[in-house]
Amino acid sequence: WPLAMARGYAQVPAAGPTGSGDSEDYGPGGARGWLLFSLLATALFLMNGSYSVTLTVLPDISHDLDSSTNAAVWVTLGTMLASTATMPAAGMLSDVFGHKEVWMVGMAIRIITQVLAGISPSMPLLILSRVVSGFGG
């Protein structure tokens, strides 16, 4: 953030949205900056935590759903492959429609499909919902 400001990439507005002239909320140490940072950090933690938690309980998942461990590996692998394949398209879409909008749609897809993965009664449905979750980010 400071490096981007030094290079002129990021500009801190001179006045807040109300025109009050107090811009400390918008800077790197301002309240909105910390709020944005905490929201993004939480989202990234949930997304990356999903991989590590799933890998930890993969043997239990395969046992509970009466599936082989080889099939259960696709629960995590499918998510990672779909997420990796989606990144270039998501970058292009965010340039066209806006970064915030694409990120919000991705998070909505991710949340909905994670709920579907949590209630899935079979291994194929779990794998499918996790792959679609990967398309969300």
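The values are calculated or read from the model by the stated rules, or taken from the named source; none is laboratory data. Owing to the predicted nature of the structure, the values given are computational and were not obtained by experimental measurement. Cβ coordinates were reconstructed from backbone atoms using ideal geometry, including for glycine residues, and neighbour counts include every protein chain displayed. Note: areas computed on protein heavy atoms with side chains; ligands, DNA, RNA excluded. Shrake-Rupley method; radii C 1.70, N 1.55, O 1.52, S 1.80 Å.
Some observations on this one:
- Per the listing 106, 49, the residue uniquely at pLDDT below 85, of a type outside the set (Asp, Glu) and open to solvent by less than 40 Å² (accessible area, probe 1.4 Å) is 49.
- A single member of 69, 76 is surrounded by 13 or more Cβ atoms within 10 Å (Cβ to Cβ) and hydroxyl-bearing (Ser, Thr, Tyr), and it is 76.
- Contact annotation: residue pairs with Cβ atoms under 6 Å, 6 or more positions apart or on different chains, pairing a residue in segment 113-129 that is under 18 Å from residue 46 (Cβ atoms) with a partner that is open to solvent by 80 Å² or more (accessible area, probe 1.4 Å), are 129/116.
- Residue count, segment 90-137 (criterion: more than 28 Å from residue 60 (Cα to Cα) and over 15 Å from the mean Cα position of the chain (by Cα)): 6
- Scan of segment 109-136 for residues that are buried (at least 20 other Cβ atoms within 10 Å of the Cβ) and either outside any helix (DSSP H, G or I) or not small (Gly, Ala, Ser) (or both), ordered by number: 110, 113, 126, 127, 130, 131, 136
- Sole residue being of a type outside the set (Asp, Glu), surrounded by fewer than 12 Cβ atoms within 10 Å (Cβ to Cβ), at pLDDT 80 or above and more than 22 Å from residue 127 (Cα to Cα), chosen from 92, 87: 92
- Yes/no for residue 31 being at pLDDT below 80, more than 19 Å from residue 134 (Cβ to Cβ) and open to solvent by less than 70 Å² (accessible area, probe 1.4 Å): yes
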